[in-house]
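Here the structure comes first, spelled out in structure tokens, and everything after it is commentary.
The values are calculated or read from the model by the stated rules, or taken from the named source; none is laboratory data. These numbers were taken from a predicted model, which means no experiment stands behind them. Cβ coordinates were reconstructed from backbone atoms using ideal geometry, including for glycine residues, and neighbour counts include every protein chain displayed.
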Amino acid sequence: MRKSVNHKYAPLLLAAAVATPSVTLAQLEEVIVTSERRQASVQDVPVAVSAFNEELVEQLQIDDTLDLIHVVPNMFGGNNTGLGTANMYYLRAQGNDESIATFDPPVGTYVDDVYITRQNINNVALFDVERIEVLRGPQGTLYGRNTTGGALSVIMKKPGESFGGFVEAGAGSYGRTTLRASVDIPLSDNLLTKISGYWVEDDGYLENRRDGKDYNNAELSGIRAAMRWLISDSMTWDLAIDGGTTEFSNIHGFVDGDDRITTSGLPGGLAVFGGAAGNKADYGNEVQTFNITSNLSWDAWGGTANFIVGNRQIDHDFLLNFPFNQALPDFFVIDNIGEHDMFSAELKWSGDIMDGRAFLQTGVYYMDEENTTDFRDYLDFAFLGAPVPPSSLWFNIADRVMDNTTESFAVYAQADIQVGENGTLTLGVRYTDEEKEVDFTGSVNSAAMVAAGIPLSQSEDEFTPRIAYAHRFTDSLMMYASATNGFKSGGWNARGSSSTALQAFGPETIWSYELGMRGEWMDDRLRTNITAFYSDLEDLQTTSATPDGQFLTTNAGGLRVPGIEAEITALPTDNWNIFASMGWQNAEYQDLPGGCVTPNANLAAYDVNCNVAEPKRSPHQTYTLGTSADFNLAGFTVTPNIMLRYIGAQFPGTRSLGYNESVTLLNAGVKVVMPNERWELNLECKNCGDKVYNQSILFTPYFNLPMTYMATVRYRFGDS
């Protein structure tokens, strides 16, 4: 067995600056994951997965899921253009920068096994979290549709068996203040409860030189109540209810020296410009959520049955400007009110079969989603050549209401079969039957779509198989080979400003092939997990923005991605950790459609001169190096840490737009724990060098977050 010790993954370059503590025989902690929908050591699963427990989440400064882009190999991303609540994740060159409800992300986000259907709210605030897992590559067999790039799985902490909890307060840059608290309250030996809440507010870092105010400010608040009812020795019910409000925009800002600025006049309301009547939403971006998650598990038929139910309600309002350049800061405006409801239910069974020589997981899954989006688009007449000052006259190019639904049914099975003494053969398959429908009313409408030959419904039925073989050569070395299939649903160009622009696009499919090695050496003080992969994707869905404000989503062709990923952890001494995460990939478009005409403004896989473009947000290299160490000073435990993230050169936009040079980011911090272990102080900074790079481009570049710093004080009480 692996010996468990305090596991301080994190960050690498501090080691050169600290005195090396005396060498001991400490061992790395065993990392338990549920990447295959059951608990297993990360060293035993034939899946490329990065796992972060509660301690790692804190040490690596992972405050929300967007921070994962700094620690996962071959992962890149950022906030979506305009929307600070929505993340565009790119794993192995596959991602999505469109948040409209007719477009699904290829990197799925799950919280306690329940899927978040909309990208609008996938920037999950990580608070009271037990573990985060990032599964790289398609996960179509066990996780289903819309995981062609991978999946993010967040597992929340369950209520504890004894009374305890913590209270935390913090202050930082841009007037940021935070308050978090969590308490476990066991009502009896078999009825456990937990209540958690948070509040975050800051003043914003974007200076508006037109009205003198700051924007891209954040206001977040939420509460979660969880219950664990140990009904009997063979039955457990976990129930959680949570809700919250998030106000956070990613308004574009230009860089002026050390400042990020805008000259937008939109905060004054649309009525300022040419008398356009009736904002649908207030300026900014606001999301309100209400979620219910239920997981009833019981012993059945020699194994364990789970009935997992999820219900998500999302209200999303925003009024945002998209500049064409600094002279036209309000060139394009979207005014949006959206309601998004999702219900899912899954019944699964898992257990040993074939006299214990195989483990089987099988189940059925149902998901129903309903969306209503009431939105209006504006263009600035100044851009269109009207003889008026910039941003003083507006043209309403589209005002419509969109209703769309998705109904999906799936059945799946995966078996891990023992082969000889040391081999495991994995065979799995999932069948998905799905139907989508869309309806438009307003300036663009369904009748005109039908007249143009555009379908109002799409049906898909897909089999997504998986096969893998893992062989344990020694107690310290496992190797595997796998082939996995996945698919992502089709949809419609809902951003189109005319009925004929609302074209349908089809699903994308992928096969991914992996060779992996999982090794532990030096008496379990060195862990090396390495994966080589080759992805073959057909009918890639990607977006392209045209100069006249059209947003086009098409099946751009094929995408081939060979690559390699490594995660290395070392524990040279009992209180010193070294961490390295390295990714290399070489994404290339293949099998592209013809018909490109220069100057190309809409085909995403070609540049303006009709040369094959570079796939966007796909740097060839991503490296993370870091270290942390514990020191005992007069009874206080002091843990400094430092981490560097290198991101290779890449294009953040389609058509090879917005070239980025490589960039190296620095995060650093120190934690001080008082002798009684009740009080702790955390000091941290992110992007300490205030480096600027483009995460996206929509007419103009959208930058990463500036340097931030934060100080928090936490008090633990009870038995926590």
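Data table
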quantity	calculated
Lone qualifier among Gly172, Gly204, Gly197 - being at positive phi and either among the small types (Gly, Ala, Ser) or over 25 Å from the mean Cα position of the chain (by Cα) (or both)	Gly204
Filtered residue count, segment 43-78, keeping only those that are of a type in the set (Ser, Thr, Tyr) and closer than 30 Å to Gln418 by Cβ	1
All positions within segment 578-610 that are in contact (Cβ under 8 Å) with a residue 24 or more places away in the chain, among the polar types (S, T, N, Q) and either over 20 Å from Gly563 (Cα atoms) or touching a helix residue (DSSP H, G or I) at 6+ places or on another chain (Cβ under 7 Å) (or both)	Asn600, Asn602
Residue that is nearest to the chain's Cα centre (by Cα), among those in segment 112-140 that are assigned to a loop (DSSP other than H, G, I, E, B) and either at pLDDT 90 or above or among the charged types (D, E, K, R) (or both)	Arg118
Top-ranked residue of segment 276-314 - restricted to ones that are surrounded by fewer than 16 Cβ atoms within 10 Å (Cβ to Cβ) and among the charged types (D, E, K, R), ranked as modelled with the lowest pLDDT	Asp282
Test result for Thr474, over 23 Å from the mean Cα position of the chain (by Cα) and free of Cβ contacts under 8 Å to residues at least 24 places away in the same chain	yes
Positions within segment 391-437 being among the hydroxyl-bearing types (Ser, Thr, Tyr) and at pLDDT below 95, in sequence order	Ser391, Ser392
So Gly164, is it in contact with a Gly (Cβ under 6 Å, 6 or more places away or on another chain) and in contact (Cβ under 8 Å) with a residue 24 or more places away in the chain	yes
Strands (runs of 3 or more DSSP E) contained entirely in segment 626-720, each with at least 3 residues that are not hydroxyl-bearing (Ser, Thr, Tyr)	631-633, 636-647, 663-673, 679-686, 694-698, 708-718
Residue check for Phe248: in contact (Cβ under 8 Å) with a residue 60 or more places away in the chain, assigned to a strand (DSSP E or B) and among the aromatic types (Phe, Trp, Tyr)	yes
All positions within segment 319-340 that are modelled with pLDDT under 95, of a type in the set (A, V, I, L, M, F, W, C) and within 25 Å of the chain's Cα centre (by Cα)	Leu319, Leu320, Phe322, Ile334
Meets criteria (surrounded by fewer than 21 Cβ atoms within 10 Å (Cβ to Cβ), part of a strand (DSSP E or B), without any contact (Cβ under 8 Å) to a residue 60 or more places away in the chain and not charged (D, E, K, R)) for Thr528	yes
Test: residue in segment 314-327 that is closer than 26 Å to Ser408 by Cα and not aliphatic (A, V, I, L, M)	yes
Residues of segment 456-477 classified as of a type in the set (Val, Ile, Thr) and closer than 17 Å to Thr362 by Cα, total	2
